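Worksheet: one structure, shown below.
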Amino acid sequence: MEFLKVSSKSSPSSVAGAIAGMIKDGVPVEIQSVGAGAVNQAVKAIAIARGFLSPVGIEIVCAPSFADININGENRTAIRFTVEPRYLRGTKKADLGEDAKFDWAAYGANFS
C-alpha cells in the first residue's frame, strides 16, 4: 500500500488537501511519519482536512498504529494514521453538493 509520507518539514495545509482529495475520490488514506515533528505535522494536517470536509457532510476518523520500518539500513518505528470517512446522521447525498462525487456506497453510506 502507498503511504502519504509526512516529514517535520511537510506543509500541513498541503497534506490536508491531499487527504481531503483522496477521501472525496474514495481512495484509502494511509499517512506515515517518523519522529515527533513529523507526527505533529501529520496530526495538524488531519485536523485541517477535517475542516475541509465537514462543510460537505463528510467527517473523518483516524486510527493510529505503529510500524517497524527500515530507513537507509536503520530500523525505525513509524506512526501510521489510517484516515477514513464517517458520515453524519441525517446526511443526504443530495445535501452534499457537486464537490462530493465519489462512491458513497463503498463506505457503507445509506442515503434513503
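No value in this document is a laboratory result; all are computed from the given coordinates. Here the structure is a predicted model, which is why all the values come from computation and not from measurement.
Can you give me the relative contact order of the stretch 4-89 as a percent, contacts being Cα pairs under 8 Å and 6 or more apart?
Relative contact order here is 33 percent.
Could you give me the ³J(HN,Hα) list for the stretch 12-19, computed from phi with Karplus coefficients 6.51, -1.76, 1.60 and θ = phi - 60°, whole Hz, x at Gly and Pro?
Calculated HN-Hα couplings, in order: x, 5, 5, 5, 4, x, 5, 4 Hz.
Quick one: what does P(r) look like for the stretch 1-93 with 10 Å bins over all Cα pairs, in whole %?
Whole-percent P(r) values from 0 Å outward: 17, 48, 25, 8, 1, 0.
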